[in-house]
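**Q** Here's a structure for you.
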């Protein structure tokens, strides 16, 4: 899956979700890679954190090669829930990355390990709490406004993280590839001197919009095969 995502980006996948009427499930802004440039893509391995590493170790026992551990720590800003030992264990279990709704620690060690980790940022303090575990601890993970499980895929890059249901992944990736090709061609034409306004017949759009105020730019782009806004 990471290979399929290699020439794409989360903005392209987001646009493809809109184009294909696939639910757009984007992680809260601020979730980013510990090491800039790291990317992640794969099936979700969900887990909820309650203050102890044992739930991660249990999740790793269920991991399949290529899974991405998606950790629900409630977006907490008062503790880090993963560090170097958890990430090393994840790698040993065949997990290809971790995406945390919360914070991490041991930043230098994580950079050395090299396994992609996405989080809100670093915090030196680990958890001092031990909350009651829920029955869904290894079944679903909340991530911002979204609930994900092992029927979802997660994608992350420098622009952020999003989730796509497995049943929609193929069409989203295919559509994202088409959008990417269109946008690369549009960018090439701009650099060659053909403005975006000319490419999109923007003056014609303004005339049509004056005649019909309900005529939107997105509708106009669809008529011309543009890929700017979706």
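**Q** Output the number of the condition that residue 201 fails; it satisfies all remaining conditions of (1) within 30 Å of residue 100 (Cβ to Cβ); (2) surrounded by 15 or more Cβ atoms within 10 Å (Cβ to Cβ).
**A** The number of the failed condition is (1).
**Q** Restricting to the stretch 156-175, and then to whatever is in a strand (DSSP E or B) and touching a helix residue (DSSP H, G or I) at 6+ places or on another chain (Cβ under 6 Å), can you tell me which residue is nearest to residue 3 (Cα to Cα)?
**A** Here the answer is 157.
Residues are listed down the side, and each one gets a yes or a no for (1) under 16 Å from residue 44 (Cβ atoms); (2) surrounded by 14 or more Cβ atoms within 10 Å (Cβ to Cβ); (3) in contact with a strand residue (DSSP E or B) (Cβ under 6 Å, 6 or more places away or on another chain):
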residue	(1), (2), (3)
98	yes, yes, yes
113	no, yes, no
124	no, no, no
144	yes, yes, no
148	yes, yes, yes
159	no, yes, no
164	yes, yes, yes
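Every number in this text was worked out from the coordinates using simple rules, so none of it is lab data. Keep in mind that this is a model prediction, so the values were computed, not measured. All Cβ positions, glycine included, derive from the backbone under ideal geometry; neighbour counts span all protein chains shown.
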